Amino acid sequence: MNAIVSVTSDWAIGNKGRLVVANRADMRRFKELTMGGTVIMGRATFESFPNGPLAGRRNVVVTHDASYGHDHQGIVCAASPQEALAMVAGDNPDRVWLIGGESLYRALLPECERAYVTKNDTTVEADAFFPNLDADDGWQVEERGDGGVTAAGIPFEYVVYRNVGNDNDR
């Protein structure tokens, strides 16, 4: 499994249930990488999507509400992060994507092989954060690429981190 996330300079990812940086190039990259795979997300992340489940992907939503899936077409529900992992155990791990939010990232990031991070060179008001992989010896930069500049003039880059802290044979 891989994580995919867009962060600011201080690793912020959200504020009041919304992304903190509008970045069309990042959204295109997200779609290209996750299309045809499985995305694992928390309930609040799912509810932030204006058009419901992400098309072309299996949507796994982690929620404690057992009836939640009955009200939403196109998703499967897991009662816990561990149940979500069990649901995707037979999937190609390169096609399973952890997409948020904060608590789910914190719970499942150790299970990820890579983290695909769009780093936006700005700081903004935020109430949700991704763990700082630059400060974690268990993660190393594997690849770095130029991203560009957002419509609002924010420079960004793409960084792929590899989880070297888990000795499991990946």
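The values are calculated or read from the model by the stated rules, or taken from the named source; none is laboratory data. Small disclaimer: the values here were computed from a predicted structure and weren't measured. We place every Cβ from the backbone using ideal geometry, glycine too, and count neighbours over all the protein chains shown.
Looking only at segment 55-66, decide whether some residue is of a type in the set (S, T, N, Q), out of contact with any Lys or Arg (no Cβ under 8 Å at 6 or more places or on another chain) and modelled with pLDDT under 95.
no
For segment 120-134, check the following and say yes or no: at least one residue is without any contact (Cβ under 8 Å) to a residue 12 or more places away in the chain and acidic (Asp, Glu).
yes
So, in segment 39-70, of the ones that are among the small types (Gly, Ala, Ser) and more than 16 Å from residue 17 (Cα to Cα), which residue ends up surrounded by the most Cβ atoms within 10 Å (Cβ to Cβ)?
The selected residue is 69.
Out of segment 71-84, which residues are in a helix (DSSP H, G or I), surrounded by fewer than 16 Cβ atoms within 10 Å (Cβ to Cβ) and at pLDDT 95 or above?
82, 83
How many residues does segment 71-85 contain that are closer than 24 Å to residue 16 by Cα, of a type in the set (A, V, I, L, M, F, W, C) and in contact with a helix residue (DSSP H, G or I) (Cβ under 7 Å, 6 or more places away or on another chain)?
Number of matching residues: 3.
Please state which of the following conditions residue 105 fails to meet, knowing it meets all the rest: (1) under 17 Å from residue 45 (Cα atoms); (2) at pLDDT below 95.
Tallying (1) under 17 Å from residue 45 (Cα atoms); (2) at pLDDT below 95, residue 105 fails exactly one: (2).
Residue pairs, Cβ under 7 Å, 6 or more apart or interchain, first in segment 18-47 and among the polar types (S, T, N, Q), second surrounded by fewer than 20 Cβ atoms within 10 Å (Cβ to Cβ) and in a helix (DSSP H, G or I). List them.
Listed by first residue and then by second, the contacts come to 38/95.
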